Amino acid sequence: MSQLQGNVAIITGAGSGIGRRIALSFAAEGAQVAIADINLAAAEDAVREIEAAGGAALALAMDVTSEDAVNAGVEKIVERFGRLDTMVANAGIQIVHPVEDFPYEEFRKVVDIHLGGSFLLTKACVKHMYPQKSGSLIYMGSVHSHEPSPLKSAYVAAKHGILGLCRVMAREGGPHGVRSNIICPGFVRTALVEKQIPEQARTLNISEWEVVENVMLGRTVDKEFTTVEDVADIAVFLAGFRSNALTGQSMIPSHGWYMG
């Protein structure tokens, strides 16, 4: 039997990148998947890909910083599929500046999407998970949930906050049969990371090659990027884990960038 047969999941930021790969992997393992993304066209495209492979999926336009949008989206999932088993809070952006030049509205935007969005999604999802006495909360952290990097004050602060939220939810969710874990990847060469390469090269006054080799991969054991498939495999494992023995944990696929 497929690992996630009968599992109903919501994944935010799933129109592209890591979120999309997680959605495709969930569907391949038998889950019914809600693709939530601020870009509805991208979400619908992911749904078509899943349906073409014989899976079941729902596209949702969702701004994760809007409590009304998050609540409405979660209700649509339950109306469509009858329950909710897995949450993957994955939506995120990246903006980099040194602190002295970081516009506060941009700092808040990064934190609101990553941390605020994770909080709002959690709040909406546990209302359905607690009564059924089961559920898996999966947060998308980063190696930056554990370690800082220059220019990323907003992102690092948000990712540290998500690690804390995950651990709180392991405590709060435990009595209700809901487990909570966080995936903390190293650098994954998605559009989000590609955008950072020239930005950091300009700010640090180094070449783009040096950004990749020294900043992004310098601390890995093999000079390799983590892949979207690596992250999706861990998400499938966490969603399908059979008990609450594994909760409050940080899973770190980073080629040794961070060892915790």
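Conditions tested, residue by residue: (1) more than 16 Å from the chain's Cα centre (by Cα); (2) farther than 16 Å from Leu121 by Cβ.
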site	(1), (2)
Asn7	yes, yes
Arg20	no, yes
Ala28	yes, yes
Val33	no, no
Asp45	yes, yes
Ala72	yes, no
Next on the checklist: Step by step: first the residues of segment 114-132, then only those that are of a type in the set (A, V, I, L, M, F, W, C) and touching a His at 6+ places or on another chain (Cβ under 8 Å), then the one that is farthest from Ala158 (Cα to Cα). Which residue is that?
Outcome noted: Met129
Next on the checklist: Could you check segment 123-163 and list, in sequence order, the residues that are touching a strand residue (DSSP E or B) at 6+ places or on another chain (Cβ under 6 Å), part of a helix (DSSP H, G or I) and not aliphatic (A, V, I, L, M)?
Outcome noted: Cys125
Checklist entry - Going through segment 19-31 one residue at a time, which ones are surrounded by 24 or more Cβ atoms within 10 Å (Cβ to Cβ) and either under 13 Å from Glu51 (Cβ atoms) or in contact with a strand residue (DSSP E or B) (Cβ under 6 Å, 6 or more places away or on another chain) (or both)? => result Gly19, Ile22, Ala23, Phe26, Ala27, Ala31
Next on the checklist: For the structure I just gave you, tell me whether Ile95 is β-branched (Val, Ile, Thr) and modelled with pLDDT of 95 or more.
Outcome noted: no
Checklist entry - Somewhere in segment 164-174, is a residue part of a loop (DSSP other than H, G, I, E, B), under 15 Å from the mean Cα position of the chain (by Cα) and farther than 12 Å from Val126 by Cβ? => result no
Checklist entry - Taking only pairs six or more apart or across chains, which ones have beta-carbon atoms under 6 Å, a first residue in segment 167-183 that is closer than 10 Å to Ile138 by Cα, and a second residue that is at pLDDT 95 or above and of a type in the set (S, T, N, Q)? => result Arg179/Ser136; Arg179/Thr247; Ser180/Thr247; Asn181/Gln249; Ile182/Ser250
Next on the checklist: Residue pairs, Cβ under 7 Å, 6 or more apart or interchain, first in segment 11-38 and more than 20 Å from Thr65 (Cα to Cα), second β-branched (Val, Ile, Thr) and at pLDDT below 95. List them.
Outcome noted: none
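The values are calculated or read from the model by the stated rules, or taken from the named source; none is laboratory data. Everything numeric here is computed off the predicted structure, so don't read it as measured data. Don't worry about glycine lacking a Cβ; one is built from the backbone with ideal geometry, like all the others, and counts go over all protein chains shown.
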